[in-house]
Amino acid sequence: MISSSLSRRAFLLGSLSTAAMLSACASNPQGPAMPVPQVPTPAADPELEARYAAFEDDGHLVPAVPYQQMDPKYLRQRVTDPTGEAPGTVVVDTANRFLYLVEEGGTAMRYGVGIGREGFAWQGEGVIHWRQRWPRWKPPAEMIARQPELEIYSVANGGMAPGIDNPLGARALYIFQNGEDTLYRLHGSPEWNSIGKSVSSGCVRLINHDIVDLYDRVPYHARIVVYQEPLIAAL
């Protein structure tokens, strides 16, 4: 009986002691700081360093993109064409956040994109009818209705001047269908960390480096096909 009582007391004391130790570990601000694990930075890739380095364009200095902080699948790369479209066609896979420019020989140049609210509002086929270097940004009336502070950049007020902070970035491609402006745009953006995401406004945005590359490659009056459903299984 005494042995049983002692065992129970020892168990209780041991439990209290353990609890006190755990409590002390959790709440003692004077204890030594635990080391924070360091996540290694991926090694620099000379080809990507050159591709996403800072550059000057029409008097605007475009800063380098910290590509090592991006998901590698959204970096510009040549892939096997998954679209089956004719060379020169631009294909937007909205769901997977990819844009393809179909090439000869069964390949396509693939770009990561960010999709804004207006980017989910249109799908189908059209033509890249107009192209602009360092465009002025003129938010549509619907956007101004949601954000009245943008009135100063309205069409009536001449829009926002071109520049590195302009939401349309270094280039814009304007999509028409049956001769009418769809208000659907492919454009650059200084916000590299928005690529691969659903963003608050705009249509289809690319890193400024990538929209310049696409602008130089895409044929005049190129056909464009936009899918809202996944073109291929998510990678």
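The values are calculated or read from the model by the stated rules, or taken from the named source; none is laboratory data. The shown structure was predicted, so the numbers you read here are calculated from the model rather than taken from an experiment. We place every Cβ from the backbone using ideal geometry, glycine too, and count neighbours over all the protein chains shown.
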* Conditions (1) within 23 Å of residue 95 (Cβ to Cβ); (2) crowded, with 17+ Cβ neighbours inside 10 Å; (3) of a type in the set (Gly, Ala, Ser): number failed by residue 159 -> (1)
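For (1) assigned to a helix (DSSP H, G or I); (2) at pLDDT 95 or above, each residue gets a yes or a no:
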position	(1), (2)
196	no, yes
200	no, no
205	no, yes
209	yes, yes
215	yes, yes
225	no, yes
229	no, no
233	no, no
* Asked: All but one of (1) over 21 Å from the mean Cα position of the chain (by Cα); (2) aromatic (Phe, Trp, Tyr); (3) under 26 Å from residue 95 (Cβ atoms) hold for residue 192; which doesn't?
  -> (1)
* Does residue 232 satisfy the condition of being more than 12 Å from residue 113 (Cα to Cα), touching a residue at least 40 places away in the same chain (Cβ under 8 Å) and among the β-branched types (Val, Ile, Thr)? -> yes
* Asked: Quick check: is even one residue across segment 67-79 farther than 19 Å from residue 170 by Cα and in contact with an Asp or Glu (Cβ under 7 Å, 6 or more places away or on another chain)?
  -> no
* Asked: Out of all the residues in segment 133-153, which are buried (at least 16 other Cβ atoms within 10 Å of the Cβ) and not in a helix (DSSP H, G or I)?
  -> 134, 135, 136, 137, 138, 139
* Structure fact -> Residue count, segment 68-98, condition touching a residue at least 40 places away in the same chain (Cβ under 8 Å), crowded, with 17+ Cβ neighbours inside 10 Å and within 14 Å of residue 49 (Cβ to Cβ), comes to 2
* **Identity of the residue in segment 170-188, modelled with pLDDT under 95 and crowded, with 20+ Cβ neighbours inside 10 Å, that ends up nearest to residue 75 (Cα to Cα)** => 185
* Asked: For the subset of segment 99-117 comprising residues that are in contact with a strand residue (DSSP E or B) (Cβ under 9 Å, 6 or more places away or on another chain) and farther than 16 Å from residue 224 by Cβ, which member is surrounded by the fewest Cβ atoms within 10 Å (Cβ to Cβ)?
  -> 106
* Asked: Any idea which of (1) over 20 Å from the mean Cα position of the chain (by Cα); (2) of a type in the set (Phe, Trp, Tyr); (3) more than 24 Å from residue 86 (Cα to Cα) is the one residue 220 doesn't satisfy?
  -> (3)
